[in-house]
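**Q** Submitted below is the structure of interest, expressed as structure tokens.
Every read-out reported here was derived from the displayed coordinates using simple, explicitly stated rules and does not represent laboratory data. Because the structure is a prediction, the values reported are computed rather than measured. As a convention, Cβ positions derive from the backbone with ideal geometry for all residues, glycine included, and neighbour counts pool all protein chains shown.
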Amino acid sequence: MKAMTWQGGNRFTHDDVPDPVADPGYVVVKMDTTGICGTDVHATQGLFPWYPPQIMGHEGSGVIVEVGEGVDKERIGQRVAMNRKAQCYECWNCRNWNTFRCEVARESENGMYAEYVGLDAGAAVELPEDLDTETAVLTEPASCCLSGVELLDIPYRATGLVIGAGVMGLFTAAFLKSHGVETLVVSEPVTVRREMATQFGADILHDPREVPLSEVIAEVTDEGRGFDVTAEAVGKPELVAACVDATKPRGQTLMIGVSPEGSPLPVDLYDMHFREIKLLSSMGRGDVFHRVPDELTKLNLENVISGRYPLTELPDAITASAEGLGVKFVIKPNG
């Protein structure tokens, strides 16, 4: 099969690689769509400890074409969204709900910037009939956001702030609204992303290039004391700090974006301590992943996918994502 092998920077080679094998407990999926994740962009920029050569890609959807021993043959032809890794539900991490960090289940041998992928059958989740296969590529990022929002204790008539309106910020906004946030502000400098936030429940749109966030805090929150919950969905330490500063005493800040390895947190810990700010982070949970396809059917996802690229144009898709030319860019590995 063909796959794109990362060679460092934004350089990829279009290679012939071995076809995946349906080992016992495994399925082989013909890829329909692979999503460009912000972490892929950060990796090409040298911000993450990922090392070439490798086949990247961890947001995917497709159709099962082969099953291994122990997997129901009825699954052949099933449309699925995929995780790179399944969960055993027996190891220490799984028993303590850290299911994305399962110590037993194997990760897929190659990433999803490829025509096919072989992976644990438990990592391939069947799609509901009213969710199309392409849109299902959003399952993985949405699951990370839902996992994070479910960590929060959202009070009655809560105010909320999301910084960043890429796909992670949009899903965080949607789930904050569905979990009880009454007044939600989304802050985003890129016009196309900011405007889409209303589709995901934002009540107030904030352009940080035009209006200081302090003015929004003063106008929206009780006596200007800050938001009940804030979420950073970009992956920049200075924006995490901005969220902490925008949170009311005894409020909560959620880190959804992934900052570069080794990033310090530029906040006044003395001030944070005496304001009793709760700082949370979320990587996602496998059990949440299985619930998300049904959650996606409840959302208006029109125009979230901004561009579609063939496998060979992966570098162009990564550039488009990095430059904020839309909301979500995807690869169509099989045309």
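**Q** Let's see if you can work this out: charge +1 on each Lys and Arg Cβ, -1 on each Asp and Glu Cβ, no other charges. What is the dipole magnitude of the stretch 152-281 about its Cα centre, in debye to the nearest 20? Let's see the in-between values first.
**A** Values: 11 positive and 19 negative charges, 59 e Å.
Once rounded to the nearest 20, the dipole reads 280 debye.
**Q** Related question: Using a Förster radius of 30 Å, what is the FRET efficiency between residue 300 and residue 209 based on their Cβ-Cβ separation? Nearest 0.05, please.
**A** Working: r = 27 Å, r/R0 = 0.89.
After rounding to 0.05, the efficiency reads 0.65.
**Q** Whole Å is fine, so just give me how far the alpha carbon centre of the stretch 306-335 lies from that of the stretch 178-248.
**A** 27 Å
**Q** Classify the stretch 1-106 as rounded, prolate or oblate, taking a ≥ b ≥ c as the square roots of the eigenvalues of its Cα gyration tensor: rounded when a/c is under 1.5, otherwise prolate if a/b is larger than b/c and oblate if not.
**A** Note, shape of the stretch 1-106 comes out oblate.
**Q** What value, in deg cm²/dmol to 500, does the helix sum -39500 (n - 2.57) over DSSP H runs of n ≥ 4 give at 222 nm once divided by the residues of the chain?
**A** Mean residue ellipticity, 222 nm, calculated: -6500 deg cm²/dmol.
**Q** Also: What is the distance, in nm, between label points placed 7 Å from the Cα along the Cα-to-Cβ direction at residue 191 and at residue 151?
**A** Each label point lies 7 Å from its Cα, and together they span 3.6 nm.
**Q** Here is a further query. Please rank 290, 273, 14, fewest neighbouring Cβ atoms within 10 Å first, as an exposure proxy.
**A** Ascending Cβ contact count within 10 Å gives the list 273, 14, 290.
**Q** Another one. For the stretch 206-218, just list the computed ³J(HN,Hα) in residue order, Karplus coefficients 6.51, -1.76 and 1.60, θ = phi - 60°, integers in Hz, with x standing in for Gly and Pro.
**A** 10, 9, x, 6, 10, 10, x, 4, 4, 5, 5, 4, 5
**Q** Here's a follow-up. Pull out the extension gain between residue 90 and residue 130, defined as 0.36 nm times the separation in residues minus the alpha carbon to alpha carbon distance; nm, one decimal.
**A** 11.1 nm
**Q** Further, regarding this structure: Can you tell me the 0 to 90 degree angle between the C-alpha axis of helix 139-149 and the longest principal axis of the chain, rounded to 10?
**A** Around 30 degrees separate the two axes.
**Q** I would also like to ask the following. Shape of the stretch 152-281 from its Cα gyration tensor (a ≥ b ≥ c, root eigenvalues): rounded if a/c is under 1.5, otherwise prolate when a/b > b/c, or oblate?
**A** rounded
**Q** Mind telling me which of 236, 298, 278 comes out most flexible in a GNM of the chain, alpha-carbon contacts under 10 Å?
**A** Among 236, 298, 278, the largest mean-square fluctuation in the Gaussian network model of the chain belongs to 298.
**Q** A further question follows. Stretch residue 72-residue 236 to full length: gain in nm at 0.36 nm per residue minus the Cα-Cα span?
**A** 54.7 nm
**Q** Where the only charges are on Cβ atoms (+1 Lys, Arg; -1 Asp, Glu), what is the dipole of the stretch 199-244 about its Cα centre, to the nearest 20 debye?
**A** The calculation lands at about 200 debye.
**Q** Which entry in (1) 1.00; (2) 1.16; (3) 0.95 matches Cα Rg over 2.2 N^0.38 Å derived from the coordinates of this structure?
**A** Answer by label: (1).
**Q** Would you work out the charge dipole size for the stretch 12-130 about its Cα centre, treating the Cβ of every Lys and Arg as +1 and the Cβ of every Asp and Glu as -1, and quote it to the nearest 20 debye?
**A** Here the stretch 12-130 has a charge dipole of around 400 debye.
**Q** Over the stretch 128-255, what is the mean sequence separation of C-alpha contacts under 8 Å (at least six apart), divided by residue count, expressed as relative contact order in percent?
**A** With pairs under 8 Å counted, the relative contact order is 24 percent.
**Q** Note down the relative contact order for the stretch 16-154 as a percent, whole number, built from C-alpha pairs under 8 angstrom at least six residues apart.
**A** Details: 273 pairs, mean separation 41.7, N = 139.
Here the relative contact order equals 30 percent.
**Q** Can you tell me, using C-alpha contacts under 8 Å and at least 6 residues apart, the relative contact order of the chain as a whole percent?
**A** Contact order relative to length: 19 percent.
**Q** Considering only C-alpha atoms, what is the centroid distance from the stretch 105-160 to the stretch 77-97, in Å?
**A** The distance from the Cα centre of the stretch 105-160 to that of the stretch 77-97 comes to 11 Å.
**Q** Quick one: 3J(HN,Hα) in Hz for the stretch 160-168, Karplus 6.51/-1.76/1.60 with θ = phi - 60°, rounded, Gly and Pro as x.
**A** x, 10, 10, 9, x, 10, x, 4, 5
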